[in-house]
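The values are calculated or read from the model by the stated rules, or taken from the named source; none is laboratory data. As the structure is a prediction and not an experimental result, all values here were calculated from the model. Heads up, the Cβs are rebuilt from the backbone with ideal geometry, glycines too, and the neighbour counts pull from every protein chain shown. Note: areas computed on protein heavy atoms with side chains; ligands, DNA, RNA excluded. Shrake-Rupley method; radii C 1.70, N 1.55, O 1.52, S 1.80 Å.
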Amino acid sequence: METLLVFGGSGLLGGKVAALARESFRVVATYTRTKPGHPGINYVELPKENVEEGMALVRKTKPSAVIDAEAMDDVDRCEEERDLAWQVNAGSTGSLARVATDMGARYLFVSTDFVFDGTKGGYREQDVPRPVNHFGETKLAGEHAVLAATADHLVARPGLLYGWDDTYLNFATWVLSSARDGTPIDVATDWIASPTFADSLAAGVLQLLKVPDGGVYHLAGADGMSRYDFGVRLVKAFGLDPEMVRPVRSAELHLKVPRPANASLSSAKAKRHRIAVLPADEGIAAMREQRRLDTFVPPARFKSGVSG
């Protein structure tokens, strides 16, 4: 059986990729802080910034493919700790991709919709990226490094990632747990993305490994919508009070670092390969089927720092 190496195996996406891939691969996955409990996976504690150890792991495991789902994705922290953000998201990424190339392994780098400036939305792969913050700049540099190693490597850009995760809060679990507990939250009406269900994205990422053509692929939910609209859909689907989600303009949130206003993505290219992420309503419905909200204990940390 071939080996799949997953960097970021304790993150929202990486954990789901590793669990799903057990059906087809011998899976080795890295983690930081908290070791996941999925059986049948060989976990290795390894922060991505420890690049020499990461390169040694690639050589040792001899994978047929590497999925890099680890990132420093706290936008504000990336601005404050610029060197670390660059090392995790760009420097280590390039080094790992080059070693994977030497080992004959295909490398898939999970990037972000934040590589775009958000002035128009509906972005396609051929649109020119123009990041508006350091996080986006580092992820774009990571993309370039991966594809410079060989054109056969892959870059997947998702939108607003959501799903059940007991390690970090993400947008969906924050909205749902806040509404459940009767805590009103302010959510921007003018901050638009393509909500991307992590479980569906994990399946799409594994499918993408089979596509012969390398390069950039958008893998996001089909619906571009504001975070406010998505939040309201979430609480309504779970039978909660939509008044708990209060509409505000993003300027009222007093964000330290700019975000793209409309970073919604077109995933038409992936669909031509019969790869698609569930639309928002179907992803929310899948969340309801997976778990009861009253069993969810919100983790202490929001999705921040280095995911995975």
(message) Taking the conditions exactly as written (of a type outside the set (Gly, Ala, Ser) and farther than 23 Å from Leu169 by Cβ), does Val75 satisfy them or not?
(response) no
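At pLDDT 95 or above and not aliphatic (A, V, I, L, M): which single residue out of Pro299, Pro242 fits that description? Give the steps one after another, and end with the answer.
Working: Pro299 fails: at pLDDT 95 or above.
Residue meeting the stated conditions: Pro242.
Kindly indicate which of Gly121, Gly91 is without any contact (Cβ under 8 Å) to a residue 60 or more places away in the chain and open to solvent by less than 40 Å² (accessible area, probe 1.4 Å). Working first, answer last.
Values: Gly121 fails: without any contact (Cβ under 8 Å) to a residue 60 or more places away in the chain.
The match here is Gly91.
Might you check whether a residue that is free of Cβ contacts under 8 Å to residues at least 24 places away in the same chain and surrounded by fewer than 18 Cβ atoms within 10 Å (Cβ to Cβ) occurs anywhere in the stretch 61-79? Don't jump to the end; show me each part of the working.
Filtering the stretch 61-79 down to residues free of Cβ contacts under 8 Å to residues at least 24 places away in the same chain leaves none.
Looking through the stretch 61-79, none of the residues is free of Cβ contacts under 8 Å to residues at least 24 places away in the same chain and surrounded by fewer than 18 Cβ atoms within 10 Å (Cβ to Cβ).
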(request) Return the only residue of Glu70, Glu80 being out of contact with any Lys or Arg (no Cβ under 6 Å at 6 or more places or on another chain) and acidic (Asp, Glu). (result) Glu80
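Just to check your reading of the model, which residue among Val128, Val99 is part of a loop (DSSP other than H, G, I, E, B) and among the hydrophobic types (A, V, I, L, M, F, W, C)? Step through it out loud before you land on a result.
Details: Val99 fails: part of a loop (DSSP other than H, G, I, E, B).
Being part of a loop (DSSP other than H, G, I, E, B) and among the hydrophobic types (A, V, I, L, M, F, W, C) holds for just one of Val128, Val99, which is Val128.
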(message) Suppose the filter is at pLDDT below 95 and under 18 Å from the mean Cα position of the chain (by Cα); does Asp223 pass it?
(response) yes
(message) Against the conditions (1) outside any strand (DSSP E or B); (2) open to solvent by less than 10 Å² (accessible area, probe 1.4 Å); (3) in contact with a strand residue (DSSP E or B) (Cβ under 6 Å, 6 or more places away or on another chain), where does Val175 fall short? Just the number, please.
(response) (3)
(request) Evaluate the following for Ser226: is it in contact with a helix residue (DSSP H, G or I) (Cβ under 8 Å, 6 or more places away or on another chain), of a type in the set (S, T, N, Q) and closer than 25 Å to Ala156 by Cβ? (result) no
(request) State yes or no: is Ser194 open to solvent by less than 20 Å² (accessible area, probe 1.4 Å), under 22 Å from the mean Cα position of the chain (by Cα) and at pLDDT 95 or above? (result) yes
(message) For the stretch 180-191, which positions are more than 30 Å from Leu147 (Cα to Cα) and open to solvent by 10 Å² or more (accessible area, probe 1.4 Å)?
(response) Arg180, Asp181, Gly182, Thr183, Pro184, Ile185, Asp186, Thr189, Asp190
(request) Could you figure out which of (1) among the basic types (Lys, Arg); (2) part of a helix (DSSP H, G or I); (3) under 20 Å from Pro260 (Cα atoms) isn't true of Lys120? (result) (2)
